[in-house]
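The values are calculated or read from the model by the stated rules, or taken from the named source; none is laboratory data. These numbers come from a predicted model, not from an experiment. So basically every Cβ, Gly included, is an ideal-geometry build from the backbone, and we count neighbours across all protein chains shown. Note: accessible area is taken over every heavy atom of the protein model, side chains too, but ligands, DNA and RNA are not part of it. Shrake-Rupley method; radii C 1.70, N 1.55, O 1.52, S 1.80 Å.
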Amino acid sequence: MTALSIDAERLLGRLHDLGQIGRDGDGRLVRLAASDSDKAGRDILVSWMHQTDLDVVVDRIGNIFGIWKNDTNADEAPVVIGSHIDTVINAGIYDGCYGVLSGLEVIETLKATGFTAARPIAVAAFTNEEGVRYAPDMMGSLVYAGGLSVEEALATVGTDGATLGAELQRIGYAGSVEPGFLKPHAYVELHIEQGPVLERERVPIGAVENLQGISWQRVTIEGDANHAGTTPMAMRRDAGYAAARVVTFLRDRARNANTPTVATVGCMAFEPNAINVIPSRATFTVDLRDPDEQRLQAEEAALAAYLRELAAAEDVRISVERLARFEPVTFDKRILELVEDTARKRELPSKRMTSGAGHDAQMIARIAPSAMIFVPSIGGISHNPREHTPQDDLVAGANILLDVVTRLAVR
């Protein structure tokens, strides 16, 4: 058994404290990127970094780094531990925050033991991972990895009409350092699974070997508004009905495919949105995911073909806007094996698995060897105030992270 362990009380206490920041009048946790509540969350995180005597750096997109280095290792590429602290609307307290605070805890634990690292160790909190206020999601890490220019990201207009750059300035987190200023030797992200697999199989540690590709599109269908009572069914150009057919097409295709493909319509709006008027316009989003790039492309092609057929069959106009597209990611084999080996040494079963959700690790994997560690989510629930992971599992995951980072920092 490995003797060194993180301070469980400190980690769990900080998770609780950060989880209280950003509560609205109804008690919901809402800490959207670059909002006042995000500022409050960032402020307490930075205060903890300063308490740990880390060098705190904020880059131009607002990513926060707490860096532990010394005179002998300052020129080496760092081991970076990261995730995010922004949330969805009515969130749980673990998504993202667990990875950031566990990273901070790993550094504090190693410092307290007098550990001599051969390279710097940094904890990162990336801006706008959730993508609720600003699109696309995983924006801070995408900019950091060079996949989106910082100028384009800062000019992004949010759902409330505010630009990201102006809001980062307003809350005091528009840094001067260029994103990508640190190129990691390795990147590790600890996260709750956000799915049911580990709990169902009673496995405490997930060694994440790959991450699904994601395709986001917005579909607009245009027909004719008309009287709901006087227009015969055969004479309608019903955008609402056409939209419903797309929803069932996607679900039926994914369920019958015998592959890991998943398809979701998460947002939909009708115009004129009246009970007695045939919809003239339907606008909805499509979220397609698959860990295999060729299959994901095939699903995109199948949807496009179906939309062409539907437009002709229902005499409607259909247009499609691409919102985001990320290819599947295969994580670093060496780090993956380190996760498994450290779990064995702590006598914790582990399971290789695919991440169904997007994470900052998929962006940082473009520039550095990267991997993820999962711990169970009760009921597979996330993005929900009922999101929960037992304390023993939270501590176990943080200890695996501690062991992996320790080994990466001496190589």
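Residue count for the stretch 154-193, restricted to those that are among the acidic types (Asp, Glu) and either over 30 Å from Glu387 (Cα atoms) or open to solvent by 40 Å² or more (accessible area, probe 1.4 Å) (or both): 2. For the stretch 100-143, the candidate set comprises residues that are on the phi > 0 side of the Ramachandran plot and open to solvent by less than 10 Å² (accessible area, probe 1.4 Å); within that set, the residue that is modelled with the lowest pLDDT is Met138. Ala282 fulfils the conditions (1) touching an Asp or Glu at 6+ places or on another chain (Cβ under 7 Å); (2) crowded, with 16+ Cβ neighbours inside 10 Å except for a single criterion, (1). Can you tell me which residue is nearest to Val246 (Cα to Cα) among those in the stretch 283-299 that are outside any helix (DSSP H, G or I) and among the acidic types (Asp, Glu)? If we take residues in the stretch 283-299 being outside any helix (DSSP H, G or I) and among the acidic types (Asp, Glu), then Asp287 is nearest to Val246 (Cα to Cα). Inspect the stretch 7-18 for any residue being touching a residue at least 24 places away in the same chain (Cβ under 8 Å), under 26 Å from Leu164 (Cα atoms) and buried (at least 20 other Cβ atoms within 10 Å of the Cβ) and give the result as yes or no. Yes, the stretch 7-18 has at least one match. When Ala274 is tested against (1) closer than 28 Å to Gly223 by Cα; (2) crowded, with 16+ Cβ neighbours inside 10 Å, only condition (2) is not met.
For the stretch 96-110, the set of residues classified as over 15 Å from Arg407 (Cα atoms) and either of a type in the set (Lys, Arg) or touching a helix residue (DSSP H, G or I) at 6+ places or on another chain (Cβ under 8 Å) (or both) consists of Cys97, Tyr98, Val100, Leu101, Ser102, Leu104, Glu105, Glu108, listed by residue number. For the stretch 32-59, filtered to residues that are farther than 20 Å from Ala162 by Cβ and assigned to a helix (DSSP H, G or I), the residue that is most open to solvent (accessible area, probe 1.4 Å) is Gln51. Would you check if there is a residue in the stretch 272-282 being touching a Ser or Thr at 6+ places or on another chain (Cβ under 8 Å), modelled with pLDDT of 95 or more, part of a strand (DSSP E or B) and more than 23 Å from Ala305 (Cβ to Cβ)? Within the stretch 272-282, none of the residues are touching a Ser or Thr at 6+ places or on another chain (Cβ under 8 Å), modelled with pLDDT of 95 or more, part of a strand (DSSP E or B) and more than 23 Å from Ala305 (Cβ to Cβ).
Condition first: at pLDDT 95 or above, of a type in the set (A, V, I, L, M, F, W, C), open to solvent by 50 Å² or more (accessible area, probe 1.4 Å) and not in a helix (DSSP H, G or I). Can you find one or more residues in the stretch 235-251 that meet it? Looking for residues that are at pLDDT 95 or above, of a type in the set (A, V, I, L, M, F, W, C), open to solvent by 50 Å² or more (accessible area, probe 1.4 Å) and not in a helix (DSSP H, G or I), one finds none in the stretch 235-251, hence no.
Taking the stretch 201-223 as the range and being part of a strand (DSSP E or B) and either within 16 Å of Arg245 (Cα to Cα) or of a type outside the set (A, V, I, L, M) (or both) as the test, the residues that pass are Gly206, Glu209, Asn210, Gly213, Ser215, Trp216, Gln217, Arg218, Val219, Thr220, Ile221, Glu222. Quick check on the stretch 199-207. Is at least one of its residues touching a residue at least 60 places away in the same chain (Cβ under 8 Å), open to solvent by 20 Å² or more (accessible area, probe 1.4 Å) and over 24 Å from His388 (Cβ atoms)? No: zero hits. Look at the stretch 60-83: where a residue is open to solvent by 10 Å² or more (accessible area, probe 1.4 Å) and a partner is part of a strand (DSSP E or B) and not β-branched (Val, Ile, Thr), sitting 6+ places away or on another chain with Cβ atoms under 9 Å, you get Ile67/Asp55; Ile67/Ala122; Trp68/Asp55; Trp68/Ala122; Lys69/Asp55; Lys69/Ala122; Ala77/Ala186. Looking at the stretch 21-31, can you tell me whether even one residue there is touching a Phe, Trp or Tyr at 6+ places or on another chain (Cβ under 8 Å), open to solvent by less than 40 Å² (accessible area, probe 1.4 Å) and in contact (Cβ under 8 Å) with a residue 40 or more places away in the chain? No, the stretch 21-31 contains no residue that is touching a Phe, Trp or Tyr at 6+ places or on another chain (Cβ under 8 Å), open to solvent by less than 40 Å² (accessible area, probe 1.4 Å) and in contact (Cβ under 8 Å) with a residue 40 or more places away in the chain.
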